[in-house]
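Every read-out reported here was derived from the displayed coordinates using simple, explicitly stated rules and does not represent laboratory data. Keep in mind the model is a prediction, meaning the values are calculated, not measured. Every residue, glycine as well, gets a Cβ built from its backbone with ideal geometry; the counts of neighbours run over all protein chains shown.
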Amino acid sequence: MLLPILPSEMYCWAWNRIYIKANGRIPCWCNSGESHTLSKFDHSLNFVDDIVNSENARRMRISIHGLGQEYISECSKCCCLSIQGQIADQRYIDSENAEEAKGEAFSVMSHLKHTQATRGWPLGSISHINEIQVEPSLPCNLACPGCPQRNKSALLASEGPPYTLDLSLFKKMLDDCNEASVSINRLHYCGKGEPTLCKNLEEMIAYAYSQSIKQSMDTNSNQPFKDAYLMLDRLNCSIDGSTSESYVKYRRGGDFVKAIRFMTDAVKRKQETNSNLTVRWKYILFDTTEDIEQLNQAQEMAKQIGIDELDFVITACGAYDRSVRPPLRMNTTRAIEQYLSNNKIFSKVVFSRS
């Protein structure tokens, strides 16, 4: 029996997104819900039946979008959740009220009912995954003070092994979706660790590429560039600062010269092979990296290197020891728009929040 679509005013954009950790754990998502485990994937399970459409995952979708109830206590603190007429993201001073949550929740329930009717699956099941966030590696070669990696031993102990995603488990995940005719729009390689440290990463990318799945990756850019990355659709190079001095204040253990070389090599190989890879410089704005002189220098470098986009990212986070803080001036989209109106050097500057 089909349940009626209820006019919930609560919407979570993670409803058709899955996050798989290096050890196979499936958290609610990578924000406040990361501490909450929905399930854990291993070779004995079917990724669609036991993970994507598990009882917990179905209950989450119906609770939020159908009943208008928070699924877990972390929902109220999570950036994934929006409620009609309320501030969409409390972390940012210029965040506006969510005005489309009710309509989006209605659309979700329409999809869930359609899937139930056409597939015969339990209500709450989905037949299309917008994104699977894949954590290829939990370890990282940096120790950024705003990241759990600042205390690597505690992070590894809290998650437990294995610390890199098993290649056969990754392939099973895609194969199970393919056999069940569950489409995947994108794989995004990121997480608490550095993806390029995973020895199986190149094979993962190649396997997904053979299935025509879009792929993107976030990297700290401190490892050598590999030609396998040309099979990605987008490569986000996280380099916060335009000088070695400003960069290392947050990217502790990182090498600014190596990071710029990685991005330069990516552009060079893209041009040599006519790859469709979009190379993006992801420049997170902190109080140590927001000076106009530094931002202008980043634009000059972006223009010289020939990247596709320079993304100035507003953040509400800094270092746990407060040695690095969120931006003091470039902390709203209006402030960045004003800066760019007077200092447009590189034609492909965008800005976002993180």
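Selection of region 35-48 for residues being touching a residue at least 40 places away in the same chain (Cβ under 8 Å), in a loop (DSSP other than H, G, I, E, B) and either among the acidic types (Asp, Glu) or under 17 Å from residue 60 (Cβ atoms) (or both) yields 41, 42.
Whenever a residue of region 6-34 is more than 18 Å from residue 162 (Cβ to Cβ) and free of Cβ contacts under 8 Å to residues at least 60 places away in the same chain, its partners that are of a type in the set (A, V, I, L, M) and outside any loop (DSSP other than H, G, I, E, B), lying with C-beta atoms within less than 7 angstrom and at least six residues away or across chains, give the pairs 28/38.
Restricted to region 342-354, and to residues there that are out of contact with any Asp or Glu (no Cβ under 7 Å at 6 or more places or on another chain) and part of a loop (DSSP other than H, G, I, E, B), the residue that is surrounded by the most Cβ atoms within 10 Å (Cβ to Cβ) is 346. There is no residue in region 43-66 that is surrounded by 17 or more Cβ atoms within 10 Å (Cβ to Cβ), of a type in the set (Asp, Glu) and closer than 30 Å to residue 334 by Cα.
I'd like the residue in region 169-194 that is out of contact with any helix residue (DSSP H, G or I) (no Cβ under 7 Å at 6 or more places or on another chain), charged (D, E, K, R) and not in a helix (DSSP H, G or I) and, out of all such residues, is surrounded by the fewest Cβ atoms within 10 Å (Cβ to Cβ). Among residues in region 169-194 that are out of contact with any helix residue (DSSP H, G or I) (no Cβ under 7 Å at 6 or more places or on another chain), charged (D, E, K, R) and not in a helix (DSSP H, G or I), the one surrounded by the fewest Cβ atoms within 10 Å (Cβ to Cβ) is 186.
Being farther than 22 Å from residue 238 by Cβ and either buried (at least 19 other Cβ atoms within 10 Å of the Cβ) or of a type outside the set (Asp, Glu) (or both) is the filter here, so list the residues in region 195-212 that pass it. The answer is 206, 207, 209, 210, 211, 212. Going by the conditions given, is residue 89 part of a loop (DSSP other than H, G, I, E, B) and surrounded by fewer than 20 Cβ atoms within 10 Å (Cβ to Cβ)? Answer is yes for this residue. Across region 300-341, the number of residues qualifying as hydroxyl-bearing (Ser, Thr, Tyr), outside any helix (DSSP H, G or I) and closer than 16 Å to residue 354 by Cα comes to 2.
Among the residues that make up region 223-234, is at least one of them crowded, with 16+ Cβ neighbours inside 10 Å, touching a Phe, Trp or Tyr at 6+ places or on another chain (Cβ under 8 Å) and aromatic (Phe, Trp, Tyr)? Looking for residues that are crowded, with 16+ Cβ neighbours inside 10 Å, touching a Phe, Trp or Tyr at 6+ places or on another chain (Cβ under 8 Å) and aromatic (Phe, Trp, Tyr), one finds at least one in region 223-234, hence yes.
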